[in-house]
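Step one of this worksheet: look at the structure below.
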Amino acid sequence: MPHGRTNNISRLAQETNRFSILTHSGTLVIFSVQSGDAGNYRCFARHDVLNTNKSADVKLIVETANELVSSEPPKFLFANDYETQKTIILDEEDEEQTLDCIASGIPVPTITWVLTYEVANESESDVQPFSKILSEGKEYHDSITLTSENSIQGNYTCVITNSIGSPISKTIQVVRLPALIKGPNSYKYPPAKTVRFECKVPPTYTLIWYKDGQRLETGKGRVKAKGNEIVISNTIRNDSGFYQCEVVSEDHIYAIGTARLSVENNREAPDAPFDLQCIQSQAKALVISWKVASRDNITAFTIHYMAIGGEERQKVTPSKSNDFIIENLKAYTNYSIYVRSYSVKSASAQSQKVICSTLEDTPIKAPRNFIFERYGPASQVRIRWRPLSDSEARGKITLYKLQWRSVNGEFTNVRYIDGDSDEFLITELTPGEPIELRLLPSTSAGWPSDKENSPWTRVNTTKLEANVTDDYYAPPTMDLTVLNSSSILVNWSEPPRHKDLSLKGYRLTYSTEVGKIEDFVFFGPIHTYNYSDRSYLFTNFAPSTSYEVHLQTFGDSWESEVVSKFIRTFSTTSNEDSMSSSKVLPTISGLQVIPTSSSEVRLTWEPPKNSQLHYYYYTVRYNKLDHNDYQYISSTSESIEIKDLKPYTSYEFSVQLMGDDEGGPYSQKIESRTLPGIPGSPIQLHWRVLNQTLVEVEWQPPPATNGVILKYWVQYRHKNASLLPQGVNNGGVNDTSWKNKLTKNTSVFLEDLLKNEEYMVRIIAETKAGVGNPSETIYVRIFIRKPTSPEALPPGDSPPATNTLQTVETSSQHLGIVIGIGLSVLFIIVCVIIILSRHRLFPMLTRQPVGMHVNGNGFPPRAKRSVESFNGVEMKVLESLTANDQQLDTKGGHSHQNGIIPAPTDPLLMRIVRNPIDDPHGREDEETVPNCIH
């Protein structure tokens, strides 16, 4: 909005140079202040359309100095934007900017503006600094106006000085940059190429990319932004169009660069696949199929897939395929898929895209970050949790399993909670007794694979409050009315509340039995934030189904106890029997389990409250955890012993109240594990020899561990030791006839064993309940020498039937050495036989004088004897020994050392020269033999 000044201020500025208005900031500067300058000052803003707005008055007070200051060094009058701004960037479309310099001091300082910039020399290989005075001599205030047309890039320095003190200065760097240094280039490509569009801009700018006027979603799929460029991979015909880079800074568009991409299909491009569809879905894989009009000239197919919102990936498959399995995908994720065919010269257009979804998988983790609220009585605590992310859940969470137990408790309470909930109220806690809990999520694929190893979280409960009366947390009074087969009306009334409570509303939850888990699932809570409400209507309930409704009052940092009631909806048939079926027998509470042995537990529970039954009994239901093989047993009292259970096995227990020809709902399940039992025998014993005194023994844990294996007893002794005593101690770990080694692993090293001696080895497992029966006995022997006959073995000794290869392992090295030496000797004998055979088959070559010389070129004199006598066998060798020049070349040539002639170059034959000393006639015999020895 344009700024203006009052007429008085304008006249003051015209009448005297003591008043100056800075155009950059609209600041009024008064120099050489006088007493008459005191008063109110006001700045006005005018607009052609809007009404004039005035600012608040600013009052100037001029104080009379006690002493007149005669001198003052120069200083800058005030701090403005340019004191902290070190650099100004001028763009091609920038408006003019003004640099103000205001000085103060006595005497009045003068102002000088200096520009320092760089100028390149003629070769442009170097630059030199130059300085230029833009303005000097002005007092108080001087300004420099910069525009994109006439400003020079460089350092602008304001220097102020007077006769007192040293000059001071401030420098501002001015940089001139174009908004778009270089625009993108246009391209014309066939399909399946990678195209890059680059716009070079200064660092202070950002780029926004458009295609045909529509903003591009870069970073996803085939189009990615990298710095000042976009990269389009695997181009298709639809990528053709105009691409623009928009240069933006602080919401202002400074320039736009435009380029065109033309993707033209080759005439020899193959047809695009069609009828693409997903034929099978898995949690981490998709099976797709497609069709092609013709497979002529098609060499391969590429499958392109991209998770919605992710990056595109591709796979290649041979041309003979018409289906493909895309693996290593994310569970419960939508994928966009298309296929392209390729020939040697070109690629097809992409097929029509299809959207396929992978199936759900089990969650990879359980919620851990809990928030605990203790606003009610000490027997309850509310927990809240953060839902899992999509990558953690790997599906829609349909159910939570909340488990809690007292620290070192013998049983675990279980509540199943709807997957849409993120909070739950735990009740019936013992005040002051800490608990530990965990929350397991489930999708349609099931619970986490390692749910039993999921960590527990410790929670400290509050102690009973001594100054709180019993009615402080009293619950409301609730009544339930079944209206029809799908609706239940809840009415309630409030007891008198403490006057200091700030009450807000009510929480309602309900639970019903779900057949999949054979237990009740809690839904809600549903909040009503009007404290005056006294009713709520549940609809869309299932016919002939039992529901338990829970109600609680809440306020600021306060909540009451919970009131709960059961009721059953009517059936879809309207008769008197169905209308009277809304009442439900009470549920059993206070269920506890105490394991008494490895095969027995004791159950106790509380009798029904407010029951008007004349005769009733109980049905106890139990099963192995995660198994639906339910077993039932009846009891007429509030306790029972359950026997014949498996050791160290988790079971689920629930109790049902049985009345006159009808039964109530089963109680909430609790889980407990029987005590550890005696373990079974380890299995699959194996052994192997490591050296002459060391053997390693390995085994597998017992099929029935019946608890946590604390350690293994590895027993071994010499085979000829006395037999174990018969009776209860036979095979015991305390038997001194066996040597014992203890380990927690399933392997052990037996050391210092005697060579060629047989040992008996067995394994015994131990749990908290004690040691089990020994495993089968194996026989171990370090067999060093290999006897030539059975008679060579000591009496009663023989190589063991098992692990026979291990007994000869240490002697295999000696056997290898013997075999190697034998082969070497055999090879030498064969060579000697060949040499002798060749010597007999071919006549001896012509004798030559002992003092034969060799020409300087390394060849002997031409042979006198005809080579035809060799039947052509050595023709190649003899010809290689002849030379055109038979004279001795004394220029650098010399005889071979010891008179030995170099061997011919034929790889199959060599020449052997006898030592002249062996020939009394002073001649040497020459023979040609196969090249056996080099």
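Any read-out appearing in this document is the output of simple, stated calculations on the displayed coordinates, not a laboratory observation. Computed from a predicted structure; not experimentally measured. Cβ atoms come from the backbone with ideal geometry, glycine included; neighbour counts cover every protein chain shown.
General observations
- Derived scalar couplings ³J(HN,Hα) [segment 681-697; Karplus, 6.51 cos²θ - 1.76 cosθ + 1.60; whole Hz; x for Gly, Pro]: 8, x, 10, 6, 7, 9, 8, 8, 7, 9, 7, 6, 9, 10, 10, 9, 10
- With both labels modelled 7 Å from their Cα along Cα-to-Cβ, the E513 to V62 distance reads 9.9 nm.
- Extension gain from L77 to R18, taking 0.36 nm per residue of separation minus the Cα-Cα distance: 19.8 nm
- Shape category assigned to segment 445-593 from the gyration tensor of Cα positions, a/c cut at 1.5: oblate
- Put simply, the amide H of T333, placed in the peptide plane, has neighbours under 5 Å in T358, leaving out anything fewer than 5 places away on its chain.
- Near the amide H of Y140, within less than 5 Å, lie the amide hydrogens of A103, all on another chain or at least 5 residues away, with H placed in the peptide plane.
- Local electrostatic count, W404, Cβ distance below 9 Å [Lys/Arg +1, Asp/Glu -1]: +2
- Taking θ as phi - 60° and the Karplus parameters 6.51, -1.76 and 1.60, the scalar couplings of segment 255-262 work out to 6, 9, x, 10, 8, 10, 10, 10 Hz in sequence order, x denoting glycine and proline.
- For segment 187-263, the relative contact order works out to 39 percent when only alpha carbon pairs closer than 8 Å and six or more residues apart are counted.
- From phi via Karplus (6.51, -1.76, 1.60), per-residue ³J(HN,Hα) for segment 550-559 in Hz, x at Gly/Pro: 10, 10, 8, 8, 9, x, 6, 6, 7, 8
- Counting every alpha-carbon pair across segment 589-673, the share separated by more than 19 Å comes to 35%.
- When the listed pairs K463/K565; K200/K330; K669/K744; K401/K741; K401/K583 are checked against a 32 Å cut-off, the alpha-carbon distance exceeds it for K200/K330; K669/K744; K401/K741.
- Segment 257-354 shape via C-alpha gyration tensor axes, a/c threshold 1.5: oblate
- Net charge, F370 excluded, C-beta distance under 12 Å - Lys, Arg +1, Asp, Glu -1: +2
- Summing charges over all other residues whose Cβ lies under 11 Å from the Cβ of T112, with Lys and Arg as +1 and Asp and Glu as -1, gives -1.
- Simple spin-label estimate for L754 and Q97 gives 9.9 nm between the two label positions (7 Å along the Cα-to-Cβ direction from each Cα).
- Subtracting the Cα-Cα distance of D470 and A445 from 0.36 nm times their residue separation leaves 4.4 nm of extension gain.
- Of the chymotrypsin sites (Phe, Trp or Tyr not before Pro) in segment 391-475, those whose Cβ has at most 16 other Cβ within 10 Å and which sit in DSSP loop: W456
- A cut-off of 5 Å between modelled amide H atoms, ignoring neighbours fewer than 5 places along the same chain, links L399 with G419, S442.
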